[in-house]
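The values are calculated or read from the model by the stated rules, or taken from the named source; none is laboratory data. Here the structure is a predicted model, which means the values were calculated and not measured. Here the Cβ positions follow ideal geometry from the backbone for every residue, glycine too, while neighbour counts run over all protein chains shown. Each accessible area value is taken on the protein alone, full model and side chains, heavy atoms only, with ligands, DNA and RNA left out. Shrake-Rupley method; radii C 1.70, N 1.55, O 1.52, S 1.80 Å.
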Amino acid sequence: MLVVEEMPEFPGGELEFRRYLANSITYPTVAREEVITGTVYVTFIIDKDGSVNGTELVRGLAGGCSEEALRVINKMPRWKPGRHNGRPAKVRYTIPIRFSLK
């Protein structure tokens, strides 16, 4: 489902989700050396038990960025599952993960 009455929640909320991504992603060496920047789009399902499944690349980026984004999404902790009509429900997410050098 894309829309449910109660959306899944990362442990600690949206701010913790952003913090998790920022602290978990390591800029790939090849991408850094070749100054590759851009956005990777990843889709995944938060299952009825809060686990992350069905991770897929929607739009990738060279230099190891796509692989790094998938690695970080696949190792996420369980979420509080979404609910629809009072029951746990699967929910699909698509998120952008930006790679930029400062």
Q) Pick from region 31-55 the residues that are assigned to a strand (DSSP E or B) and among the aliphatic types (A, V, I, L, M): which of them is nearest to Arg78 (Cα to Cα)? A) Val52
Q.
I need the full set of residues from region 12-31 which are among the hydroxyl-bearing types (Ser, Thr, Tyr) and touching a residue at least 60 places away in the same chain (Cβ under 8 Å), in order please.
A. Tyr27
Q. In region 32-66, which residues are open to solvent by 40 Å² or more (accessible area, probe 1.4 Å) and in contact (Cβ under 8 Å) with a residue 60 or more places away in the chain?
A. Arg32, Val35, Thr37
(Q) Checking the structure you have, find out if any residue of region 12-23 is modelled with pLDDT of 95 or more, assigned to a helix (DSSP H, G or I), open to solvent by less than 70 Å² (accessible area, probe 1.4 Å) and within 15 Å of Phe99 (Cβ to Cβ). (A) yes
Q) Within region 62-82, is even one residue over 16 Å from Glu14 (Cα atoms), part of a strand (DSSP E or B) and of a type in the set (D, E, K, R)? A) no
Q) Considering region 69-85 alone, what residues qualify as being open to solvent by less than 80 Å² (accessible area, probe 1.4 Å), within 12 Å of Ile46 (Cβ to Cβ), more than 13 Å from the chain's Cα centre (by Cα) and not small (Gly, Ala, Ser)? A) Pro81
Q) Does any residue of region 86-98 turn out to be touching a helix residue (DSSP H, G or I) at 6+ places or on another chain (Cβ under 9 Å) and open to solvent by 80 Å² or more (accessible area, probe 1.4 Å)? A) no
